[in-house]
Amino acid sequence: SQFNETYYRIWNSRQLTPVLYHYLFALQDEELGIRNSVVHGLNRFVNYLASLVTDLSKQYTESTVSTVPQDIASGVQLLARQLMPAIRKGIKLQNEMKRKGFIEVLGGIVRNFSEVATKIPAFSHYNFHVDLRCLLHTDPEADFFENIIHLQMYRRIRSLQRLRTNVSEQKLSASSLVHIALPLTNHFLYENRSRDGGHNVLEEAVNGLGQIAHELEWNHYYALIQTLIRQLGKRYDLQKMLIKALCTVVENFHFAVPDALDAIAAESDEQVQKAVQEGSQIAKLEHQIITDAPAEPIATELPAGSVNNTKSKSKGKNGRKRNGSTVDEDGENEEEDESIQDAVQLDDDDDDD
């Protein structure tokens, strides 16, 4: 509470950074009182920073200042680089009560800050979703950010109708369509429809989804188609509504088909030519390898010692075992000849006697 009343005015960006992180964490708390206190504190900080930027923008108009003070520059940088990405993520939360706080903070930024920030060149590159000003209204009954989180169904239907009208008039940028309008509209397809008027809200959400799809770029349009197809296989209780949403998105296909086909054909022809070039290069390389490879010499004469080796191998093959030892056939013939000669010599000796 002390930060909400005084500290946000006197602290610098280095001191505010951990407090801002804690606030963003507490914005998803289960307690309603804590979430309301966080929303109140963030809105006070945004309003105070917006007042400083408003005074600075007047000085820029009067050409009395050429540089942005460090405290204001660091505060705007903290808002753009820390708070805005967290808001874009918080809007995509499935829990409706937790998502409500991020929508309220976004409404405060759009209402009090984004318009004056763009008047200063140093802040023009920050994305504060300035184009969402078209959804604001002085009457709370017609304000988009008030109606989209209202408990009464007819107020939500009114907010979706206002969003669809502005999307059809192309008043929203591509970033706001993808990060703000599409998630907020898509939530109504999956949330509780048991309350009175829930069916009418779904019908308006489907129509709004088709209008948003008509303004999306191809990559986001294709991602939306894939998401709906995946959900068809998971949410059997919502198949009727998902099929209707998918048909509506397909009906709002706004891309030039002949140009797309020509681009695809040109890309395929380029791939074919590239493959042919690579194939020809490979064929040339193989031919060069074959022609440049040295021929292996054919041996016409056996090297020295090969005959003896051949004989020794043949002897080894002709060997057999006798009494546990291996004996060559040639060696056996030699032994037989010696025994015959000894026998003849003995006969001769007997005759002499």
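The values are calculated or read from the model by the stated rules, or taken from the named source; none is laboratory data. Bear in mind the structure is a predicted one, so any value in this text is a computation, not a measurement. Positions of Cβ are backbone-derived with ideal geometry, glycine not excepted, and every protein chain shown enters the neighbour counts. What goes into the accessible areas is simple: the full protein's heavy atoms, side chains included, and nothing from ligands, DNA or RNA. Shrake-Rupley method; radii C 1.70, N 1.55, O 1.52, S 1.80 Å.
General observations
- All told, residue 201 meets the bar of being in contact with a Lys or Arg (Cβ under 6 Å, 6 or more places away or on another chain) and within 21 Å of residue 177 (Cα to Cα).
- Meeting the requirement of 1 or more residues that are within 17 Å of residue 47 (Cβ to Cβ), open to solvent by 40 Å² or more (accessible area, probe 1.4 Å) and polar (S, T, N, Q), the helices (runs of 4 or more DSSP H) wholly within region 80-146 are 96-112.
- Count - residues of region 238-282 that are at pLDDT 90 or above and among the charged types (D, E, K, R): 2
- Test: residue in region 180-199 that is out of contact with any helix residue (DSSP H, G or I) (no Cβ under 9 Å at 6 or more places or on another chain), modelled with pLDDT of 90 or more and under 27 Å from residue 98 (Cβ atoms): no
- Taking the criterion of being over 19 Å from residue 96 (Cβ atoms) and open to solvent by less than 80 Å² (accessible area, probe 1.4 Å), the residues of region 19-36 that qualify are 19, 20, 23.
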